[in-house]
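Written below as structure tokens is the structure these notes are about.
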Amino acid sequence: MRINLTVDGVKYTDEVEPRTLLVQHLRDRLGKVGTVIGCDTSNCGACTVLLNGHSVKSCSVLAVQADGAEITTVEGLATNGTLHPVQEAFRDNHALQCGFCTPGMIMATIDLLADNPNPDEHDVREGLEGNLCRCTGYQNIVRAALDAAKRMEATDATAGGGR
């Protein structure tokens, strides 16, 4: 089947097998290897991407289901070499150890903050509960998400779009 996708701002038209998972298409065909295959059962969230602005586990979406969609991967977050505020917060708060879950956690955090720009710790823990980390104990991930909310609020305020 022929599909059209916009991935990280670039338009692609490809022929895919109807059974191809979005994660496979992103990694194998488009080279978006930051989208990690963790479990293939949608349990871990390592493959989380934004599909039309909302986080999805790309191992549970067929590429043909994403036809016409706009997809953002972790590779598409930085602008002109400047990390996205969520990426900066994860780096600065040491919200990773092995780094395997980090792309999915970052993408889920971006969606969480889009829905709730001023979360508390409980909101963050609840919002990220579908993404698993086997290394960190989550403390620094929660801290990073809260820090990212502050950074994004400050960025919005300086851009004239304060909340």
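Each reported figure results from applying straightforward, stated rules to the coordinates on display, with no laboratory input. Computed from a prediction, not measured in an experiment: that's the story for all the values here. Please note: Cβ atoms are built from the backbone with ideal geometry, for glycine as well, and neighbour counts cover all protein chains shown.
Averaged over residues, the count of other Cβ atoms within 10 Å places the peptides 38-50, 74-86, 102-114 in the sequence 102-114, 38-50, 74-86, highest first. If only the Cβ of Lys and Arg carry +1 and only the Cβ of Asp and Glu carry -1, the dipole of the stretch 1-127 around its Cα centre is close to 400 debye.
Here the spin labels are modelled as points 7 Å beyond Cα on the Cα-Cβ line, and at N52 and E15 they lie 2.8 nm apart. The distance from the alpha carbon centre of the stretch 55-76 to that of the stretch 102-160 is 20 Å, rounded to a whole number. Listed values (i) 10.1; (ii) 10.7; (iii) 9.4 include one computed from this model; for mean projected area of the Cα convex hull in nm² that value carries the label (iii).
With axes computed from alpha carbons, what is the tilt in degrees of helix 102-115 against the longest principal axis of the chain, rounded to the nearest 10 within 0 to 90? Taking the Cα atoms of the chain, the angle to 102-115 is about 70 degrees.
Over the stretch 85-158, what is the mean sequence separation of C-alpha contacts under 8 Å (at least six apart), divided by residue count, expressed as relative contact order in percent? It would help to have the intermediate numbers written out before the result.
On the way: 79 pairs, mean separation 36.4, N = 74.
Relative contact order, the stretch 85-158: 49 percent.
The lysines whose alpha-carbon is closer than 23 Å to the alpha-carbon of K11, local same-chain residues fewer than 8 away aside, are K32, K57.
What fraction, in whole percent, of alpha-carbon pairs in the stretch 2-76 exceed 19 Å separation?
Details: 575 of 2775 pairs.
Considering the stretch 2-76, 21 percent of its Cα-Cα pairs are separated by more than 19 Å.
Classified by the C-alpha gyration tensor, the stretch 85-158 has a prolate form. Its axis ratio a/c, with a ≥ b ≥ c, is 1.5 or above, and a/b is larger than b/c.
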